[in-house]
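The values are calculated or read from the model by the stated rules, or taken from the named source; none is laboratory data. Owing to the predicted nature of the structure, the values given are computational and were not obtained by experimental measurement. As a convention, Cβ positions derive from the backbone with ideal geometry for all residues, glycine included, and neighbour counts pool all protein chains shown.
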Amino acid sequence: MNVIETRGLGKRYGGIWALRECILAIPDGHVTALVGPNGAGKTTLLNLAVGLAAPTEGTATVLGGWPAGSASALDGIAFVAQDTPLYKSLSAADMLHVTRNLNRRFDQRYAEARLGELGIPLKRKAGEMSGGQQAQLALTLALARRPRLLVLDEPMAMLDPLARHDFMATVMAAVADDGLSVVLSSHVLAELERVADYLVLVSRGHVQVAGAVDELLAHHRVLTGPATEADRYADRLSVVHSRRGAAQAHLVVRTNATTDPVPPGWQAHPVSLEELALSYLREPGAAALPGPARAGDDEREEATN
Amino acid sequence: MAWVTWRQHRLTLAGVVAVFGVAALYLLVTGLPMHQAYAAVTGCRPANSDVCQRVVNDFLRTYAPGVGVTAGMLQAIPALIGAFAGAPVLAREFETGTFRYAWTQGFGRTRWTVAKLAPIALAVTVAAGAFSLLFSWYLAPIFGAGDNNGPLYPTVFDLSGVALAAWTLIAFAFGAVAGVLIRRVIPAIFATIAAWAALAFATGAFLRAHYEAPLVTSNPNIPVGAWVINQGWFKGGSPASLDMINQTLAPVDVRAVTPELFQPGPATPANLGDPVLYLIQHGIVEWTTYQPASRFWTFQWIEGGWLLALSLVLIATTVWLVRRRAA
């Protein structure tokens, strides 16, 4: 089952396309990192997926085929928007009560236990909490709904490193305990590297990269070698991005197997997720996208632009 | 969901109660002495004698102006209640971004919007209805004593009967629509008050006078408590100017300062009587267009009815707009 599936999805605000020709099939059971620069279209994509916005063209379906924004979709997806909106004048206990009244499913015991572990007093007003506590409260409310998909839009933008760590620990615990699928966006990839096993890279309103992290990493590597030879190999290798110094060239290439031969005089290194993302971001024409995905279909074709 | 609405809008509802409460207190404080004084008017014997007529006139002269001022000040209440209760309900959600939380909960945005608007609409309408009962009690002596301005007079008509509840509801409905269109609380409040004021003015100045065809008479004695819409002097079918009136009155040395105010001069015959009757005898007639006080309840139901219908349309429009709104 795909938790989020889009076909030709596009959204226009006024005269500007925030997102265009977006084709995604994010499988369930994964923690998906939605990455891209500011203004790339991440928030637009998430808003379309959770039903806050309606597409200008194309379709978005969630949780195995429900239209985004439909009653079944709303029931199974918990969303925490940027800046973790909460009713600032309500206490944590009130927010629990409100969320319980607005949903069919709500695990009150879990929510209270979680807030107790975090040291967030139930009587404290949401507006008087620190940014980290507000984020944890919003996350607790979302998780207590027992969703099948958790969607987080830049949840950690306002958090200090310790708060970020605690936040991700909570998310990963829920993933481990309940088999929850997560889609979270960030413009800081480094912090997601440890947890994400599916990557979607969005840049300038288009999806550039989409795929499982282990496959992406297996199919890319870094080649370093003499700068003078870089051009000679550029045709034979699928170079995503190259960086040349005076003496040395640094190529991020796409390979079909880890057993592809390394040109003599060159060295191959595995690529980190962050470097992979940066390479694609620097080359707007490049893409690493799976072919048309069917549920349960594990074959992937890579398209080269 | 009612708990959600209550918890989120406690302050708003408390404010509504407070505003009506303060106004009610004021009506009680000024109304009780007036009712006591009125008891003396009704208990005056023999009724219809000159002595008792003077008692009535004294009563009206003492209390009618205060009642007029009070009614004038209370005009603002439905607009303020509607604006401050209605506009923030949705506008604040947009302004603070909490709609991104509310609209992604399991029960969806339609149910959430209706569950927010309906209880508050009901609360403000009921509060206004209760207040208008008190206002009718407050006003009763003035009409009982036969004040010239009857119950249809614009500043008291929209505070009595069912009109106050209807005008408060429509203000709330304007607020709700403004909130979803403008999405900022303060501008939505201003827009609500402006829209309400425009509708209230248009209704009082133009629309209400024609709910039923007004009555026209040339009798200088119009029924007590009638709402005079138009009054003018006519000679032979066309309007008579002040000069024409003064020309006609010249032989008896009476000067018309205004069409209502006649000043006798030194050469005025002692047995002239009412200059108005003199003018009528000489072909100048005052035609009055008016609505009789007996039509009060008919007009109340008409006005309450179309305001209710319009309110429901606006609230339905608000829900529809919420469904269409993108993030």
Residues in region B:31-70 that are among the β-branched types (V, I, T), surrounded by fewer than 17 Cβ atoms within 10 Å (Cβ to Cβ) and touching a residue at least 60 places away in the same chain (Cβ under 8 Å) total 1
Which condition from (1) within 25 Å of B:R111 (Cα to Cα); (2) surrounded by fewer than 21 Cβ atoms within 10 Å (Cβ to Cβ); (3) more than 13 Å from chain B (Cβ to nearest Cβ) is the one that A:A111 breaks?
(2)
For region B:86-111, how many residues are outside any helix (DSSP H, G or I) and more than 17 Å from B:M1 (Cα to Cα)?
1
Might you let me know whether region A:70-84 holds any residue that is closer than 21 Å to B:V322 by Cα, out of contact with any Phe, Trp or Tyr (no Cβ under 9 Å at 6 or more places or on another chain) and either small (G, A, S) or not assigned by TED's automatic domain parsing to the domain that holds A:D160 (or both)?
yes
For region A:97-108, what are the residues that are surrounded by fewer than 19 Cβ atoms within 10 Å (Cβ to Cβ) and either in a helix (DSSP H, G or I) or over 28 Å from the mean Cα position of the chain (by Cα) (or both)?
A:H97, A:N101, A:Q108
Just one listed residue, out of A:T224, A:T228, A:T140, is under 30 Å from A:L63 (Cβ atoms) and polar (S, T, N, Q), and it is A:T140
Scope region B:221-266; condition in contact with a helix residue (DSSP H, G or I) (Cβ under 8 Å, 6 or more places away or on another chain) and surrounded by fewer than 14 Cβ atoms within 10 Å (Cβ to Cβ); matching residues:
B:P223, B:V224, B:T258
Criterion (closer than 16 Å to A:D153 by Cβ, touching a strand residue (DSSP E or B) at 6+ places or on another chain (Cβ under 7 Å), within 8 Å of chain B (Cβ to nearest Cβ) and not hydroxyl-bearing (S, T, Y)) met by exactly one of A:A68, A:A81
A:A81
Could you list, in sequence order, the residues of region B:246-302 that are farther than 21 Å from B:N230 by Cα and of a type in the set (A, V, I, L, M, F, W, C)?
B:L249, B:A250, B:V252, B:V254, B:A267, B:A270, B:L272, B:W297, B:W301, B:I302
Name the residue, out of B:A173, B:A115, B:A127, that is crowded, with 23+ Cβ neighbours inside 10 Å and either within 14 Å of another protein chain (Cβ to nearest Cβ) or farther than 22 Å from B:W227 by Cα (or both).
B:A173
In the set A:Y110, A:Y87, which member is among the hydroxyl-bearing types (S, T, Y) and closer than 28 Å to A:G41 by Cα?
A:Y87
Could you go through region A:85-105 and let me know if any residue there is at the interface with chain B (Cβ under 9 Å from one of its Cβ atoms), over 15 Å from B:Y101 (Cα atoms) and of a type outside the set (S, T, N, Q).
yes
Do we have any residue at all in region A:144-153 that's acidic (D, E) and within 20 Å of B:Q105 (Cβ to Cβ)?
yes
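Quick grid of which residues meet (1) surrounded by 16 or more Cβ atoms within 10 Å (Cβ to Cβ); (2) modelled with pLDDT of 95 or more; (3) among the polar types (S, T, N, Q):
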{"site": "B:V285", "(1), (2), (3)": "yes, no, no"}
{"site": "B:P292", "(1), (2), (3)": "yes, no, no"}
{"site": "B:F296", "(1), (2), (3)": "yes, no, no"}
{"site": "B:S311", "(1), (2), (3)": "yes, yes, yes"}
{"site": "B:T317", "(1), (2), (3)": "no, yes, yes"}
Turns out the strands (runs of 3 or more DSSP E) fully within region A:114-224 with at least 1 residues that are within 14 Å of chain B (Cβ to nearest Cβ) are A:149-153, A:181-186
Top-ranked residue of region A:48-65 - restricted to ones that are more than 10 Å from every other protein chain (Cβ to nearest Cβ), crowded, with 17+ Cβ neighbours inside 10 Å and not hydroxyl-bearing (S, T, Y), ranked as farthest from A:Y110 (Cα to Cα)
A:G58
Out of curiosity, is B:R100 within 14 Å of chain A (Cβ to nearest Cβ), more than 30 Å from B:V17 (Cα to Cα) and surrounded by 17 or more Cβ atoms within 10 Å (Cβ to Cβ)?
yes
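Residue-by-condition table, conditions (1) more than 28 Å from A:G39 (Cα to Cα); (2) in contact (Cβ under 8 Å) with a residue 24 or more places away in the chain; (3) not β-branched (V, I, T):
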site: A:R114; (1), (2), (3): yes, yes, yes
site: A:I120; (1), (2), (3): yes, yes, no
site: A:E128; (1), (2), (3): yes, no, yes
site: A:L149; (1), (2), (3): no, yes, yes
